[in-house]
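Read-outs throughout are calculated quantities, based only on the coordinates presented, and are distinct from any laboratory measurement. As the structure is a prediction and not an experimental result, all values here were calculated from the model. FYI the Cβ positions are ideal-geometry reconstructions off the backbone, even for glycines, and counts take in every protein chain you see.
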Amino acid sequence: MIEQRTYRNQFSQQRFRSFVVNYKETDLWIGVDPGSFRDEMQEVALAKVIALRTEMEAYLLNDPVFGRTFEPHAVKPNAPEIVNRMADAARRAEVGPMAAVAGAFSEAVGQHLMQQFSIQEIVVENGGDIFLKINRNLLMSVYAGNSPLSGKIGIEIQASESPLGVCTSAGTVGPSVSLGKTDATMIICRNTALADALATRFGNLVQVPEDVQQVTQQTVPFPEILSAVIICWDKIGIRGQFEMKLLR
């Protein structure tokens, strides 16, 4: 887990003032531009996380399949908004709803903070799944575990396209369940929960490096995908509207 979180270091301490919110399995890194930062943001973010988890856990007591299935799942009437967001993303990506939980939480917390405070720039990172709203372009490196390409590829996120979600799934890094073998599958969408679910979908399809190009092409029919990056050992597939840059 310590190694997994090292990608948080890429966010500039001059550009963002940051804090961490921990509650049960949820571990958020939140960065806000210094001019907008308020000390009480941490308390507000924690309260939102607790509310989201309480709603989801209460729902799981009545619908336990929602929490364990790897397939799309129809939710019960009057399900909480966070559950509906996850279920909708899972349906569109054809995966289980929990594949969207980190992205859904990132976006919900980010949107809540933006509603409560006047914020120019914000990044909410949750286990590699990121919601962001920026005013200037942001170069993000792709962390890919032990791949020789890890940290050497950057994607320049266009500020004009935010807010959006940047989500990464991996079969070789981190605690999340993946049926594939990618070192990183990064998907960028305007809907963070959907980006999370699609990262799982396409990450599941790669078993060997030779699968990368074919699976990258399979992202084309999804107009919601602004950019996709798939890395499996020494192979990389990239498509979409954001520029790739080589990093030192």
Starting with the highest mean, order 197-208, 130-141 by the number of other Cβ atoms within 10 Å, averaged over the residues of each peptide. 197-208, 130-141
Which whole-number percent gives the relative contact order of the range 59-173, counting Cα pairs below 8 Å spaced six or more residues apart? 18
Counting only pairs 8 or more places apart or on different chains, how many lysine pairs in the chain have C-alpha atoms closer than 18 Å? 5
With θ set to phi - 60° and the Karplus curve 6.51 cos²θ - 1.76 cosθ + 1.60, what are the ³J(HN,Hα) couplings of the range 76-85 in order, to the nearest whole Hz, using x for Gly and Pro? 6, x, 6, 5, x, 4, 4, 5, 5, 4
Add -39500 (n - 2.57) for each DSSP H run of 4 or more in the chain, then divide by its residues: what number comes out at 222 nm, to the nearest 500 deg cm²/dmol? -9000 deg cm²/dmol
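For the chain, what relative contact order do you get, as a whole percent, if you take Cα pairs closer than 8 Å and at least 6 residues apart?
Numbers: 551 pairs, mean separation 39.5, N = 248.
Worked out over the chain, it gives 16 percent.
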Would you kindly derive the ³J(HN,Hα) couplings of the range 210-224 from the backbone phi angles with the Karplus curve 6.51 cos²θ - 1.76 cosθ + 1.60 (θ = phi - 60°), listing them in order in whole Hz, with x for Gly and Pro? 5, 7, 4, 5, 4, 5, 4, 5, 6, 7, 4, x, 9, x, 5
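Order these peptides, 90-101, 109-120, by their mean beta-carbon neighbour count within 10 angstrom, highest first.
Details: 90-101: 25.1, 109-120: 17.0.
Descending packing order for the listed peptides: 90-101, 109-120.
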What ³J(HN,Hα) values, in whole Hz, does the Karplus curve 6.51 cos²θ - 1.76 cosθ + 1.60 give for the range 34-50 when θ = phi - 60°, with x put for Gly and Pro? x, x, 9, 5, 9, 4, 6, 4, 4, 5, 5, 5, 4, 4, 5, 4, 4
Using amide H atoms built in the peptide plane, which far-off residues or other-chain residues are under 5 Å from D129 H to H? T168
Peptides ranked, highest mean first, by Cβ atoms within 10 Å: ranges 181-190, 225-234, 151-160, 79-88: 181-190, 225-234, 79-88, 151-160
The distance between the Cα centres of the range 41-58 and the range 108-165, in whole Å, is 21
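Which of rounded, prolate or oblate describes the chain when judged by the alpha-carbon gyration tensor and an a/c cut-off of 1.5? Don't jump to the answer; show the numbers that get you there.
Values: a/c = 1.68, a/b = 1.08, b/c = 1.55.
Oblate, since a/c reaches 1.5 and b/c is not below a/b.
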